Structures are given as structure tokens and as C-alpha cells.
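Beneath this line is the structure, given in C-alpha cells, with notes to follow.
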Amino acid sequence: MVPTPQQFDVVIIGGGPAGYAAALHGGLAGLRIAVVEKEKVGGTCLHRGCIPAKEFLETATVYRTVTGAKEFGIEVEAPVVQFAQSQARKQKVVDQLWRGLQGLLKKRKVVTFAGTGSLGPDHLVRVDDGTELVGTHVILASGSVPRTIPGFDVDGRLVLTSDEVLALEKLPSSAAVIGGGAIGCEFASMLSDLGTQVTVLEALPKILPGCDKDVADVVLRSFKKRGMDVHTGVNVAGHTPSADGRSTTVHFGEQDVTVEAVVVSVGRRPLSENLGLEGTGVRVDRRGFVEVDEYMRTGEPGVFAAGDLVDTPALAHVGFAESIRIVDQILGDPVVPIDYSKVPLCIYSHPEVAIAGLSEEAAREAGYDVVTKKDPFGGNGRALIVGEPDGLVKVICEKGPDGKAGRILGVHMVGPWVTEQLGQGYLSVNWEATPAEVAEFIQPHPTLSETFGETVLALTGRGLHVG
Ligand code: NAI
């Protein structure tokens, strides 16, 4: 007898942030949910991305703090990096979060199936072990993998992507980081702080291309001050491994650099090739993204897609937000589509970067007449106390009819703990507040967030310290 497929309210393919957020949200509302996951729930973010990368960046912070302790009158021996211990700590953090997530899914009665799921007609999801599931609704959330470039075959030894860097037992003495975007800058920063000689090779004219130029310039200055070699506007032509296979020479333009490892961080691509989809109305574009409308609906009624699989910012919190909206629709609740121009973005390099809304360049390109103001952290008491005066807050506003700063279009920050300070900027941008409205709020003293407060005050023409 042919077994009948198991029935669920929602079948989710992929247990990363987009998939597990849908499962948790739907499970809480009493929906019967199945998740098909080929590796571990938590996905790239938990196992090969955000969490492990930030854990290593924290290791770099500890190293920097100990190295700089003397300035505070604390005498310590020169620190030594035991990267295997850093790996063990990272794994402990990841495993604790993984256990927590599994426990939560279980508590919400989510059933997980191990394997690769593919979707066929009539909402039938087939797991590669033969199990068949049918969902009244299906959510595709199979995520993404690192993109590579021709001439740089990833071998896990000389050529690495983020997946391999995060599994290293020992750091290379030198590395070329290809791509100066979010991942490239985080890895360059971490490796350099922990003693690797780093060369960054970026194809575009500046690193962190999506960031405001004033913000990217602070990161660039810091990288150069710490001894990194940063080349922008370069075309990477390939590499030649040494005879003993212990190093390789990377060719770019007329120049070469010989390194122990090459880190390829040129973006990620959607993982849609194993999803089946024959006989369904789900469409995949030529880059591999599953096509969705603003409500995350695919061309097949009842089938949605979310996270890195769709062509929206490849950020865990965007995946969460998309999935929550999908489940709310399934529940019949009203939903407002996401305004992707206003989602927050944090980069955990040293110095950190935090962004909400448009950069000055993007605002001008979009046709806005703008008024901007920058305030450096160098004048902030707390920044001097913690010994991190490099950085600034920049607020970008639409110019009002009176020529003064109107609606806040963007808040771009770089400097100490800005990733934890973005909240006010995010709310200002999304509430379309004006500097005068935000300047009414009191900032506690002494805090790093006074710099944001001071910037909006200055935009009203009443800055206490900034003109
Ligand atoms: P990305 O798109 O942010 O940056 C890739 C960089 O590589 C770009 O600057 C691009 O111009 C450059 N590039 C492309 N091809 C090149 C070539 N052949 N030679 C030299 N440079 C080249 O992608 P990234 O950094 O790999 O990150 C992937 C995704 O993950 C992004 O969507 C990013 O936003 C997200 N992410 C988010 C983080 C966060 O929120 N903290 C951290 C890390 C990644």
C-alpha cells in the first residue's frame, strides 16, 4: 500500500532564520508545522554566518582590549592567540543557541524532517528519503551559499569562503580578502586584529559600497592605520599556488600579493537548484532567486518564499520579518509589506557600522534635495572613556520648503558600539520623523548615543556642541 503523505497546515523547506521564524510564529498560533532541513536548524546565520563570525570578532575585541590595557594603567603580558580555544568557545555559543532553538521548535510542536525537500504539484513536498508531506501552505526558505569567482576554486586550504574561515583551527599569517563588502570587512578586521597580515581587494571604487562615503572612509582609515593593505577598483585576475602548496600569489591589475590564504567574499547566491518546482507556478529568475511579490507570494497559490532565496537584502532579520508576514497572511491577519529601503544593517568590523535608510549618495541619486549633519565620536565623553574616539554619526534629511532639515531619510553611524545604538536611528527613519521631533528626546549622559542626539539637535540649528 502506498503511504499517504503526511498533512500539515504549513510545510517549510529550510530551517534557517526565515524557515524557523515562520515555524516558531506559526507554531505559537497553533498551526501544524513541518520543517524540512538538510543540515541543522539555525541555518547559515547560526552555524556558518552571523553568530560564529561575531563571536570571532569579539575574540578580536578581547585581544585589542588586552593589548591596549597599559594605557589604562593595567600591566599584562603580551597576549597570545590560541585560535583552537577561540573555536571551542565559538562552538559552545553556537551549540547553546542551537539547543535552545531545537527546544523551542519542539515546544511549539513543530515536526522537523532531516533531508533535502523539493516541491512538486499540489503542494507536495518530497524529502530525499522518500517521505512525502503536503502543506495547505508551503514556504520555501532554502537560503544561500557563498558565491565564488572564476579562477578561485575553493579548496579549504589556500582558497576559502566564509564557511571555511569560520572552521579554521589556526589563522593564516597572511591573507588576501577578495571583496570589501560586509563579510570581507568583518573578516579583514578580525584577521588583522588577531595578527594576520591582510590585503583587501575590492572591485568597486570604495570598500563597503552601499554605505555612506563618510562612514566607509572611517573604516578605510582605521584599516590602513592598523597596517592593512586596501586596494579598491582592482580586477582580480587569478592566483598561482607556490610549488610547496603553502602559499599562493594573487594577481590583480599589474600587481601581485603572496599570501597563505585567499578569502573570497564576493556575495552570496540563492540555493534554489534542488527545490524541484516542476509542474508548479513557482518561477526562478536567471540569478536563481525565487520570484515573489511584495507579500512574498510565488506564482503558485499558497506557496510563499522568504529569506536569502528571494532577491531582498540577505540579512537574517529580513528573513525573520518576511516569514512573520507570511504566517500572518496564512492566519488571515492584516499585513503591511516591508519597505526594504528602510531596513537596518549592522556590520561588526572594528570600527562597527550601523545603517538605517538612505546614504547621502543614495538620497541624492533618488532625487532628494538633502540637508546633512555629521558629529564625530571624538567629542563624546563616553567614547573617550572607552578609548574609541574614531567614528561619527551622520543624519541625512530631506530639505524642507524653508531650506531646513525635514524628514529624516537616513542615519549612518560608524564607531564604538554603533550596532547597539541604531535603534533610535531606525525608528526615526521609519517614523519619518524630523530632527525637531527627535531632538525633543533626552539622551542619558554620558552615553555614546548622545552623539546621535547631538547630530539631530544640530540639524535644528540648536546643537549644544556641534555647530
Ligand atoms: P556584499 O555584496 O556585501 O559584498 C561583496 C563585495 O565584493 C562587493 O563590495 C563587491 O563589489 C565585491 N566584489 C564582487 N566581485 C568581486 C571581484 N571579482 N573582485 C573583487 N571584489 C568583488 O557580499 P558579502 O560581503 O559577501 O555578504 C553577503 C551577504 O551577507 C550580503 O547581503 C551582506 O549584507 C550579508 N551580510 C550581512 C552581515 C551583517 O549584517 N553584519 C555580515 C555579513 C554579511
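Summary of computed values
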quantity: Selected residue (only one of Lys90, Lys106 is in the same structural domain as Val318 (by TED's automatic domain parsing), within 16 Å of the ligand (Cβ to nearest atom), part of a helix (DSSP H, G or I) and modelled with pLDDT of 95 or more); calculated: Lys90
quantity: Of all residues in region 138-175 being of a type in the set (A, V, I, L, M, F, W, C) and within 10 Å of the ligand (Cβ to nearest atom), the one that is nearest to the chain's Cα centre (by Cα); calculated: Ile149
quantity: Qualifying residue in region 97-120 (condition: over 24 Å from Gly302 (Cβ atoms) and in contact with a Pro (Cβ under 7 Å, 6 or more places away or on another chain)); calculated: no
quantity: Top-ranked residue in region 29-65 [being touching a strand residue (DSSP E or B) at 6+ places or on another chain (Cβ under 6 Å) and β-branched (Val, Ile, Thr); ranked as farthest from the ligand (Cβ to nearest atom)]; calculated: Ile33
quantity: Strands (runs of 3 or more DSSP E) within region 271-361 that include 2 or more residues under 24 Å from the mean Cα position of the chain (by Cα) and farther than 24 Å from Glu55 by Cα; calculated: 303-305
quantity: Candidates Gly210, Gly238, Gly227 - the one that is small (Gly, Ala, Ser), assigned to a loop (DSSP other than H, G, I, E, B) and within 12 Å of the ligand (Cβ to nearest atom); calculated: Gly210
quantity: In region 15-26, the residues that are of a type outside the set (A, V, I, L, M) and surrounded by fewer than 24 Cβ atoms within 10 Å (Cβ to Cβ); calculated: His25
quantity: Some residue of region 430-441 being at pLDDT 95 or above and within 21 Å of the chain's Cα centre (by Cα); calculated: yes
quantity: Tally of residues being within 19 Å of the chain's Cα centre (by Cα) and on the phi > 0 side of the Ramachandran plot across region 1-57; calculated: 3
quantity: Among the candidates Gly253, Gly238, residue that is at pLDDT 95 or above and at positive phi; calculated: Gly238
quantity: Output for region 366-408, where each listed residue is buried (at least 22 other Cβ atoms within 10 Å of the Cβ) and β-branched (Val, Ile, Thr); calculated: Val393, Val395, Ile396, Ile408
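Condition check ((1) aliphatic (A, V, I, L, M); (2) closer than 30 Å to Arg64 by Cβ; (3) free of Cβ contacts under 8 Å to residues at least 40 places away in the same chain; (4) within 11 Å of the ligand (Cβ to nearest atom)) across all residues:
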residue: Val257; (1), (2), (3), (4): yes, yes, no, no
residue: Thr280; (1), (2), (3), (4): no, no, no, no
residue: Arg283; (1), (2), (3), (4): no, no, yes, no
residue: Glu352; (1), (2), (3), (4): no, yes, no, yes
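The values are calculated or read from the model by the stated rules, or taken from the named source; none is laboratory data. The structure presented is a predicted model; accordingly, all values stated were derived computationally and were not measured. Please note: Cβ atoms are built from the backbone with ideal geometry, for glycine as well, and neighbour counts cover all protein chains shown.
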